Amino acid sequence: MTATDFEKALEIGRPPNIAKLFPNSKALIISGKFIDAAMLEKGKAISIAANGRNSFVIRGALQAAQRANSVIIIEIAKSEGGGNAYCAVNYWNIARLVDDFCNELNITIPVAIHADHYGIKKQEDIDEAKIEIPTLFEAGITSIAIDASHMPDDKNLLANIELYPFVPKWAGLETEIGEIKGKLGLSTVAEALFLIQGLNAHSIFPDWIALNNGTTHGIEASDQGIQVGLTTDVHEALEKYNISGAQHGTSGNNSDRLREIAAKTRTTKANVATALQMISWGLEVNDYGNAILDENGSFIKIKDEGVTEELWTEMVAHAESAGLKGGNYKKLNLPFENKLLGQPEEIRERMAKRVEEFIYNMLVDIFNAKDTAPFAIEAILKAGSYDLGSKGDRIEDPEDWTPEKIAEQAALLSTDKGEEGDFDD
């Protein structure tokens, strides 16, 4: 990648919302479509989608990607950064943080800003989404996951169809067929085909599909993890629709399993959230980011890593008083963000550095993402635009996918959605 190529990509590759928000920026913030394209061009490669629950995660992720010469996605989910957020980083400020850090740290690799798990749980949420989704893109989002997987299959499909007009055509698009709830309610090939065929009939061509393939959000409590065979079956069934896989619940899956998902499936995006939060705080984790607990079920803080010992003691006390345990330590993010930022510079730097080392290893040694930045820039230059266009073409007949026929087909699906509950990230 030459300086000339970078400057040209900067000139033509940033979508209109980014160019408007940051007219003098040197940050190459692009559509998520180009991230997917870079992974496909390299082959058997996955981009990390780092959930920026705090600013240290974002800094560390960007520095890791720069070292690896890899593209990267920085994201935040609706539960983390929506209207009822538990993080200070949110849908409306994450792009500004990324742009600021890119310019400060001289980050020159392409970055996408993803609104993850934009959850639709009931019909009433759709009207709110029609108002809110445009504000996300006005604030600098360049890719979105419409997640109506909490609803029955027909309602999921219809929600995606109804909300599609509110997503810019140039933006990355992810859809989802199953809530992430471990071995419960595993997704099926039939569910995936139903959703993607129905979208295709309406000329909607998502870049990624996420499914429940055996993982959980938060701390992985068992070794169930990613079901590679199931994932392969789903991706192969969807091959003619040219859709890639998005792997959710990556934290807690061992390195060999993650390498296998890269080598054997069509996955090009892998979300990492809980692991990065825990690493930034200085907690002891195993080689794949799952937090290690002591004999009392408490997290183990590594001395002189992450936050100061005094602040960690305060965080634990707050968690105990609020009844927070295990994965619910995530709710410490919002009340402690400013205190984290108020630590000495050397502490803040070591928090980000710990994240950087973990993500660098994943990008280079596990996900085969090293040197993918040039592929994204080449795709921008070849397209001559910030809009890569769609990977798919319409195959299905719209007359077979009217609302009435969608309901009829959904009634024939044999699916197990698993137990009821709140499975938000």
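Within the stretch 327-360, the only residue that satisfies the criterion of being surrounded by fewer than 23 Cβ atoms within 10 Å (Cβ to Cβ) and within 12 Å of Ser70 (Cα to Cα) is Tyr360. Residues that are over 16 Å from Thr265 (Cα atoms), at pLDDT 50 or above and surrounded by 22 or more Cβ atoms within 10 Å (Cβ to Cβ) within the stretch 205-226 comprise Pro206, Thr216, listed in sequence order. Under the condition of being of a type outside the set (Ser, Thr, Tyr) and either part of a strand (DSSP E or B) or surrounded by 15 or more Cβ atoms within 10 Å (Cβ to Cβ) (or both), the residues counted in the stretch 278-301 number 13. With (1) polar (S, T, N, Q); (2) at pLDDT 95 or above; (3) within 24 Å of Leu340 (Cα to Cα) as the list, and Thr268 as the residue in question, which single condition is left unmet? All conditions are met except number (3). Collect the residues in the stretch 232-252 that are in contact with a helix residue (DSSP H, G or I) (Cβ under 8 Å, 6 or more places away or on another chain) and of a type outside the set (Phe, Trp, Tyr), keeping them in residue-number order. Across the stretch 232-252, the qualifying residues are Thr232, Asp233, Val234, Ala237, Leu238, Ile243, Ser244, Gly245, Gln247, Thr250, Ser251, Gly252.
Scan the stretch 316-374 residue by residue and report those that are without any contact (Cβ under 8 Å) to a residue 60 or more places away in the chain, not in a helix (DSSP H, G or I) and not small (Gly, Ala, Ser). Once the filter is applied, which keeps residues that are without any contact (Cβ under 8 Å) to a residue 60 or more places away in the chain, not in a helix (DSSP H, G or I) and not small (Gly, Ala, Ser), the stretch 316-374 yields Leu324, Lys325, Gln343, Pro344.
Being without any contact (Cβ under 8 Å) to a residue 12 or more places away in the chain, hydrophobic (A, V, I, L, M, F, W, C), exposed (fewer than 15 other Cβ atoms within 10 Å of the Cβ) and closer than 28 Å to Leu97 by Cβ is a property that Ala383 lacks. Out of the residues in the stretch 307-350 that are of a type in the set (Asp, Glu) and under 28 Å from the mean Cα position of the chain (by Cα), which is farthest from Phe101 (Cα to Cα)? Going through the qualifying residues, I end up with Glu337. Which one is nearest to Gly289 (Cα to Cα) among residues in the stretch 231-253 that are outside any helix (DSSP H, G or I), among the polar types (S, T, N, Q) and modelled with pLDDT under 95? Of everything passing the filter in the stretch 231-253, Ser251 is nearest to Gly289 (Cα to Cα).
The values are calculated or read from the model by the stated rules, or taken from the named source; none is laboratory data. All values derive from a computational prediction rather than experimental measurement. Glycine also receives a Cβ, built like all others from the backbone with ideal geometry; neighbour counts cover every protein chain displayed.
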